[in-house]
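Before any comments, here is the structure.
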Amino acid sequence: MKNLISLVTGGTSGVGKSVALALAAQGSQVIVAGRDLIKTNAVCEHITRATKNKSVFPMIADLSSRADIDTLVSNMYAQFPCLDILVNNAGSVFFQRRQSVDGIEMTFALNHLNYFLLGNFLIELLCKSPSPKILNVSSSAHKRSYIDFSDLQLKHNYRAWRAYGRSKLANLLFTYQMDRNLRGSKIAVNAVHPGLVATNFLASNNKSLIARFLNLFMRVGISSEESASKIMNILMSSEFQETRGKYFVNGMIEKSAPQSYSEKDAKQLWMLSNKLAGTDFPVRG
Ligand SMILES: NC(=O)c1ccc[n+]([C@@H]2O[C@H](COP(=O)([O-])OP(=O)(O)OC[C@H]3O[C@@H](n4cnc5c(N)ncnc54)[C@H](OP(=O)(O)O)[C@@H]3O)[C@@H](O)[C@H]2O)c1
């Protein structure tokens, strides 16, 4: 992995931090995307100390913001000759309905549009790598979900878990559509459920006491290191080098829920994502 360049979003805690550390331990240059300068710098220093890898770089962006994503993308093109691995991992659940700075429902903006924009904007940089990979961190929470295209912003009857499950279903619809778009290219796009992982997931964007209390239940999950080791296997094992357009659970390829394979929904989501993000990324059949 000595010459690889990897970008991990949400690399400042939980699953993303452990994946960034594991990539650095294997010798990859790692860009840790974080939203807070002090925390992101501290995480990069920690990873460098722990792995002796000096090529661990912070990049600051609130990934629910289109302007910050644009800046991150420009910096990636300006500072790196190529990108071998993109791990789209930053994500959250919001107990109260919030809007991003661009006026988009926050869960959708952070958990889906962020993946959609980074995946598409970074294609040319990824294409400069001999064997580029995008791994989208989804969740088994997609299974109980559906996308109501008539209320994509969840303006009516907002429920945190409805918004979250829908965004994780969107991750899969996006992964499979991106794979269809990229047929014939070198880029392999896959998705993963990282497991139930003991992280700060419920509390990182919800500061109430109840959020912190509920987060205690996440301690029953596996460690983020264990989750990261399965993710590393997906990225590195020779067994999966040709794998594309798949969903991984517990290190193995699994079928995702039937609704995630709807090409009609995937295209509709793609077009609405373009509309909301103000982009024009082409969609192929
Ligand atoms: N934990 C689980 O059991 C579980 C299960 C299924 C799927 N997942 C998925 O796994 C991924 C990682 O979750 P996790 O459990 O590791 O949670 P986590 O510890 O809360 O990590 C989430 C990461 O996203 C970052 N983030 C949050 N809002 C952001 C924003 N607006 N802009 C930029 N970065 C932002 C966080 O930054 P800060 O460090 O600044 O908070 C953190 O680095 C998510 O996509 C989640 O949906 C987790």
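Just so it is clear, none of the values below were taken in a lab; they were calculated from the coordinates. Computed from a predicted model, the values in this text were never measured in an experiment. In this analysis, Cβ positions are derived from the backbone assuming ideal geometry, glycine residues included, and neighbour counts consider all displayed protein chains.
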Longest exposed-site-free window of the chain, the sites being trypsin sites (Lys or Arg not before Pro) in a DSSP loop that have at most 12 other C-beta atoms within 10 Å: 55-154
Interchain or long-range residues, amide H under 5 Å from LYS246's placed H: ALA191
Mean shadow area of segment 30-99, taken as a quarter of the surface of its Cα convex hull (nm²): 5.8 nm²
Neighbour-count order for LEU126, LEU196, LEU269, LEU216, fewest beta carbons within 10 angstrom listed first: LEU216, LEU196, LEU269, LEU126
Segment 62-140-segment 7-24 distance, computed between alpha-carbon centres (Å): 14 Å
Viscosity 1.306 mPa s, temperature 10 °C, Stokes-Einstein D of segment 85-188 from Kirkwood C-alpha radius, µm²/s: 111 µm²/s
Under-5 Å amide H pairs with SER129, H placed in peptide plane, nonlocal only: LEU83
Kirkwood Rh and Cα Rg combined as Rg over Rh, evaluated for the chain: 0.93
Top of HIS142, HIS112, HIS46 by mean-square fluctuation, Gaussian network on the chain, Cα under 10 Å: HIS46
Distance violations [Cα-Cα > 21 Å] among LYS143/LYS264; LYS17/LYS54; LYS17/LYS267; LYS17/LYS230; LYS168/LYS246; LYS230/LYS267: LYS17/LYS267; LYS230/LYS267
